[in-house]
Amino acid sequence: MTSTPLAVTFADGADHPAVHATLASLPKHYRHAGPGAGAVTAVTTLAALRTALDARPSGILLTAATADSAGTVRELAERAHAAGIPVVVAGPWALDPAVTAVAGTLDVEGASLIEVTATVPPGRTSADVLLDQLALLRTAIAPARAVEVTQADGHGHLARAQVGDVPVHLSAAVSGLGTRRARLDVLGPAVQWRLTFADPATAAPATVVRTDAEGEHLFPTVYESAYRAAWRHLHAAVTGGAVPPYSLHDLADDLALLAP
């Protein structure tokens with residue numbers, strides 16, 4: 001793995017102070033640079049992603065997943081794969097270090113129910129928020145299936161799905177206070193898991209609690225946002241060939257679950 005920081009360029013509104021603050025905390029990984037082949041690029045839309053692929057950067061960070069055509073995303077994923085360009089899809093919860101730390105260890109086989117709840121600010125559609133919830137399920141436990149939206153409006157949504165044979169309830173409420181919080185609960189008769197994600201604006205870390213017959217067990221806390229972790233995953237993909245925890249192919253698969 002190279003020790004030289006990767007150059008970073010921005011497209012389509014991805015350049016803003018919060019991004020620079022994140023990159024400043026990763027000085028061994030990144031440095032700002034002007035446009036040019038070989039740099040990694042941050043984009044905010046699929047249109048900008050398509051343009052970025054034409055420029056052949058060494059890697060791309062898609063700063064947020066939005067509900068779009070699964071076919072379009074899959075086409076872009078195939079283009080990126082053929083060109084050898086890793087693409088990491090960022091989001092508010094899926095790449096949080098608390099998730100990646102327990103992925104594969106959650107006791108789901110004995111679970112009776114999985115719940116994913118969220119409080120979000122106005123501005124994103126229910127489909128966008130549901131996509132973030134499906135991404136969280138995929139990285140923390142496994143891909144969902146049989147997604148059915150039972151209610152969706154300007155106040156939030158309700159949906160159901162399954163992970164394996166375990167039923168999943170997904171819900172979100174829009175808050176006029178502008179807060180963004182989420183919680184993932186894996187509920188079973190013997191063991192329960194609770195992952196809690198605070199509003200990123202508070203800089204509070206996510207927490208993981210396992211409850212069993214011996215009581216509650218709080219897992220070690222990692223003070224890092226999901227967005228900063230996404231930049232680390234991109235660096236690992238570009239310099240070491242690591243597979244992104246949530247890629248364009250994953251996004252396409254989750255979008256297909258939401259298709260009517």
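The values are calculated or read from the model by the stated rules, or taken from the named source; none is laboratory data. Quick caveat, the model's predicted, so the values are computed rather than measured. Backbone-built Cβ (ideal geometry, glycine too); neighbour counts: all protein chains shown. Calculation scope for accessible area: heavy atoms of the full protein, side chains included, ligands and nucleic acids excluded. Shrake-Rupley method; radii C 1.70, N 1.55, O 1.52, S 1.80 Å.
Data overview
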{"item": "Cβ pairs under 9 Å, 6+ apart, first in the stretch 29-43 and closer than 19 Å to ARG232 by Cβ and open to solvent by less than 50 Å² (accessible area, probe 1.4 Å), second at pLDDT below 85 and of a type in the set (A, V, I, L, M)", "result": "ALA39/ALA33"}
{"item": "Tally of residues being farther than 16 Å from ALA80 by Cα and either polar (S, T, N, Q) or part of a loop (DSSP other than H, G, I, E, B) (or both) across the stretch 246-260", "result": "2"}
{"item": "Qualifying residue in the stretch 151-168 (condition: within 19 Å of ALA140 (Cβ to Cβ) and out of contact with any strand residue (DSSP E or B) (no Cβ under 8 Å at 6 or more places or on another chain))", "result": "yes"}
{"item": "Residue match in the stretch 71-84 (condition: in a loop (DSSP other than H, G, I, E, B) and surrounded by fewer than 23 Cβ atoms within 10 Å (Cβ to Cβ))", "result": "yes"}
{"item": "Which numbered condition PRO143 misses (of (1) outside any loop (DSSP other than H, G, I, E, B); (2) of a type outside the set (Gly, Ala, Ser); (3) closer than 29 Å to THR179 by Cα; (4) open to solvent by 30 Å² or more (accessible area, probe 1.4 Å))", "result": "(1)"}
{"item": "Top-ranked residue of the stretch 44-70 - restricted to ones that are in a loop (DSSP other than H, G, I, E, B) and under 18 Å from ALA7 (Cβ atoms), ranked as most open to solvent (accessible area, probe 1.4 Å)", "result": "ARG56"}
{"item": "Tally, over the stretch 172-196, of residues that are under 23 Å from ALA127 (Cβ atoms), out of contact with any helix residue (DSSP H, G or I) (no Cβ under 9 Å at 6 or more places or on another chain) and in a strand (DSSP E or B)", "result": "4"}
